[in-house]
């Protein structure tokens with residue numbers, strides 16, 4: 001399954017770690033060394049999995065990796081890879097269940113309306129479009145539910161592998177990293193605001209002095 005393929009192709013720098021799991025290569029790249037840091041970390045996304053359909057590259061914020069290194073051991077990544085492969089299969093299967101029958105039904109009804117109910121062709125085609133939209137909405141909800149179920153299953157397997165105590169400690173470390181990262185960003189924002197205010201005040205004073213000089 002291809003996963004964020006555009007990002008995958010752009011991660012061409014040397015990985016800081018590689019793993020081989022079930023014949024698939026996983027490369028780990030620090031987000032800090034790429035242009036993606038602000039794009040993802042500012043939204044709380046500190047680890048991004050990408051794939052070209054065969055191998056994987058993980059884009060991860062450096063301090064996040066340092067705090068949660070145990071979550072990225074080969075044994076845990078194997079569970080996560082199985083989850084990603086399973087999700088890809090589920091999505092493909094459900095899409096096949098909905099897309100092909102819907103397209104076939106649309107073609108049949110469109111042809112039937114064109115030759116038999118010519119005066120109602122437009123209304124019938126509009127009705128079919130509504131049906132396709134409803135089908136897509138149901139399909140999306142079904143896929144999302146299946147993904148959530150598989151995600152919870154993967155988390156349970158990781159918890160079982162690590163032990164509940166270690167798992168909970170890592171969850172706590174994850175939360176601490178979130179709090180610390182965004183606290184740091186807030187401090188930076190406040191400092192930038194204060195610096196900007198000082199600069200503006202200085203410029204105002206200079207303008208006033210310049211006006212006084214001109215008046216003299």
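Here are a few things to note about the model shown:
- Filter result for the condition that a residue is assigned to a helix (DSSP H, G or I), in contact (Cβ under 8 Å) with a residue 60 or more places away in the chain and surrounded by fewer than 16 Cβ atoms within 10 Å (Cβ to Cβ), over 147, 87, 130, 104: 147
- Of all the listed residues (135, 140), the sole one being closer than 25 Å to residue 97 by Cα, assigned to a helix (DSSP H, G or I) and at pLDDT 80 or above is 140.
- Qualifying residues in segment 19-40 (those that are free of Cβ contacts under 8 Å to residues at least 60 places away in the same chain and more than 18 Å from the chain's Cα centre (by Cα)) - the one surrounded by the most Cβ atoms within 10 Å (Cβ to Cβ): 19
- Residue in segment 46-60 that is part of a helix (DSSP H, G or I), on the phi < 0 side of the Ramachandran plot and either surrounded by 16 or more Cβ atoms within 10 Å (Cβ to Cβ) or outside the structural domain of residue 175 (by TED's automatic domain parsing) (or both) present: no
- Among the candidates 78, 43, 73, the residue that is free of Cβ contacts under 8 Å to residues at least 12 places away in the same chain, within 29 Å of residue 143 (Cα to Cα) and in the same structural domain as residue 170 (by TED's automatic domain parsing) is uniquely 73.
The values are calculated or read from the model by the stated rules, or taken from the named source; none is laboratory data. Quick caveat: nothing in here was measured; it's all calculated off a predicted structure. Cβ coordinates were reconstructed from backbone atoms using ideal geometry, including for glycine residues, and neighbour counts include every protein chain displayed.
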